[in-house]
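The values are calculated or read from the model by the stated rules, or taken from the named source; none is laboratory data. It should be emphasised that the depicted structure is a prediction, and the values quoted were computed from it without experimental measurement. Using ideal geometry, Cβ is built from the backbone for each residue, glycine included, and neighbour counts are taken over all protein chains shown.
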Amino acid sequence: MTFRVLALVAGAVLTTSLPARAQKRGSIEVGAFAAYLNADNSLPIGNAVGIGARAGVNLMPYLSLEADIAHASKSGATYQPIHVWLVYDIPPVSRAELFFGVGYVRNSYTGSYKADDSGVGGEFGLRHRFTNMVAIRLDGHADFMPSAANHSYLVSYNGNWGIGLGLSALLNR
């Protein structure tokens, strides 16, 4: 019985409607997140949990420009991806908003392994607004580096991915 009540309350909170309107041009999202970062298996970098920050601005209704940076270390090596995304926010019908984006990534590997590379990436995620100004955000990204940091006859490209969970402040909405 208790589980059913909790499930009903959780369902009601997740689907409570807010006005379905576009974000204003110039509205801003800033946030911090924890991330699991998975480096390509050909790199001498271990998969690790790290932290990151993001900032974005709406260029047009439902279209924003975002940048994020993350940092993770394991076994003396550090992995730091920097992304710049063009993000499309699917028009919301409730507090939950889906989004996807494409962009550029620049990876820096430091510590016991020193290198850098760049490429393209894609992201997909869910933003759940608790209020008009506070949201929790879950997203995943996959990056493709056609000119790998460890380029050799055996390795022609790298693919890294990550999952992030964090809080965002939604300003000027």
Give the residues of segment 83-125 that are over 25 Å from residue 136 (Cα atoms), in contact (Cβ under 8 Å) with a residue 24 or more places away in the chain and part of a loop (DSSP other than H, G, I, E, B), sorted by residue number. 112, 113
Return the residue satisfying two criteria in turn: it lies in segment 40-79 and is more than 21 Å from residue 165 (Cα to Cα), small (Gly, Ala, Ser) and loosely packed, with under 15 Cβ neighbours inside 10 Å, and of such residues it is modelled with the highest pLDDT. 76
Of those in segment 126-153 that are touching a residue at least 24 places away in the same chain (Cβ under 8 Å) and farther than 22 Å from residue 36 by Cβ, the residue surrounded by the most Cβ atoms within 10 Å (Cβ to Cβ) is 129
Does residue 43 satisfy the criteria of being more than 11 Å from the chain's Cα centre (by Cα), of a type outside the set (Gly, Ala, Ser) and over 16 Å from residue 117 (Cβ atoms)? no
Go over the candidates 151, 141 one by one and state the one that is assigned to a loop (DSSP other than H, G, I, E, B) and out of contact with any Cys (no Cβ under 9 Å at 6 or more places or on another chain). 151
